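What follows is one structure encoded as structure tokens, with my remarks underneath.
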Amino acid sequence: MSPRPLMFFGTTNLDLCFNVERLPTPGESLMGSLKQNAGGKGANQAVAAARLGLRPSFYTRLGDDDAGRSLLQALREAGVRLDAIEVCPGEISGSALVLVGDDGSNMIVIDPGANANVTPSMVEKAAEFIERDAIVVAEMGMPVPALNHLFALKSVKEFDLIFNPAPVRAGLSPAAWRSVDFVTPNQTEAFELTGVEVHDFDGAAHAAGKLLDLGPKAALITLGAQGAYYADASATFALRAFPVKVVDTTAAGDAFNGAFAASLAHRLPIREAIKKALAVAALYVTRRGAQRSMPSSWAVDEFLNSQSILELE
């Protein structure tokens, strides 16, 4: 059976990445090494899915500048479909300053550039590229009015919706929340959305219940090195993460979300989709750089064949 169509809506940024021995304290200057990488939450997620053997569509806005041309080429080379992407004369592409410590921790500051100017009418036009029986993935880097409009289109286009609520912002309508099939926050985002601190799977279970009260059909909370917790109206379970040596956690959530969406598009059951997403995230954090570190389907299968995972009921 062929995979389901997959489309991502989100941001694209040029990442200016400083590798430093440790993250600085306020007022401190540190020496580091600089590299430029293609990034942005939506773009990272789309590339993660493409590396797993799909040709996802992607909607984003880029400036008509050197950064935008470089970012577009990176998406093209990864196998992402570019038909829906807007290149905008007179606007600058998004960028991010990323500091990564030797322990894998990071600090990020973002200038959204053209990403900040997405309107509901632009989303309406881009939605023409959503195919029948598609899975649509959206992240919260896009303006909230545009997200509200995209989510409202679900009843017309009849797609399944994965919502990665990062970075968390206010304003998503109750109707929009009810249109979500899977909401996928990390620990911090789950706390920001529910007020429940998530330090372990017990906290995740409490927060997942609060998330379901907002309206989505299922909640999937990632807990970094601990793993992930899933809940819907009929099932709850937790899966532990694969132990690996962490080099860089920047965009690990994007790797997970892109892989989870790709796995559902490949028609894997929920548990298997989450397990594969955990494997992709585990491989991802052993490397540096955002899109260039997304693992291939072959690498993920090899990794899974060599690992075991503990499921908690």
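The numbers here are math on the coordinates, done by the rules we state, and not lab data. Note that the structure is predicted; figures quoted are calculated from it, not measured. As a convention, Cβ positions derive from the backbone with ideal geometry for all residues, glycine included, and neighbour counts pool all protein chains shown.
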Requested in this report: May I ask for the distance between the Cα centers of the stretch 98-156 and the stretch 8-53, given as a whole number of Å?
Outcome: 17
Requested in this report: Using a 10 Å Cβ count of at most 10 others and DSSP loop calls, identify the longest part of the chain lacking such trypsin sites (Lys or Arg not before Pro).
Outcome: 1-131
Query raised in the report: If you take the alpha carbon radius of gyration of the stretch 111-156 and divide it by 2.2 N^0.38 Å, what ratio comes out, to two decimals?
Result: 1.15
Query raised in the report: Can you give the relative contact order of the chain as a percent, counting alpha carbon pairs under 8 Å and 6+ residues apart?
Result: 18
Query raised in the report: Given 10 °C and 1.306 mPa s, how large is the Stokes-Einstein diffusion coefficient of the stretch 1-78 in µm²/s, with Rh as the Kirkwood radius over Cα pairs?
Result: 110
Report task. Scale the Cα Rg of the stretch 235-274 by the rule-of-thumb value 2.2 N^0.38 Å and send over the ratio, two decimals. Result -> 1.32
Query raised in the report: If each Cα of the stretch 15-160 is one equal point scatterer, what is log10 of I(q)/I(0) from the Debye formula at q = 0.18 Å⁻¹?
Result: -1.09
Report summary line: The computed P(r) of the chain puts the percent of Cα pairs beyond 28 Å at 35
Requested in this report: Would you calculate a helix-derived [θ] at 222 nm for the chain, using -39,500 (n - 2.57) for each DSSP H run of n ≥ 4 and dividing by the full residue count, to the nearest 500?
Outcome: -10000 deg cm²/dmol
Report task. Evaluate the Kirkwood expression for the hydrodynamic radius of the stretch 93-199, namely the inverse of the mean inverse distance over all pairs of different C-alpha atoms, and round to one decimal in Å. Result -> 15.3
Requested in this report: Could you calculate the FRET efficiency of E28 with D200 from 1/(1 + (r/R0)^6), where r is the beta carbon distance between them and R0 is 30 Å, rounded to 0.05?
Outcome: 0.40
Requested in this report: Convert 37 °C to kelvin, take the viscosity as 0.692 mPa s, use the Kirkwood radius over C-alpha pairs of the stretch 208-313 as Rh, and evaluate the Stokes-Einstein diffusion coefficient in µm²/s, rounded to a whole number.
Outcome: 234
Query - Too-long pairs where the Cα-Cα distance tops 32 Å, listed order kept, from K157/K275; K35/K210; K35/K125; K41/K275; K217/K245 - result: K35/K210; K35/K125; K217/K245
Query - Whole-angstrom gap from the stretch 243-277 to the stretch 171-239, using each part's C-alpha centre - result: 16
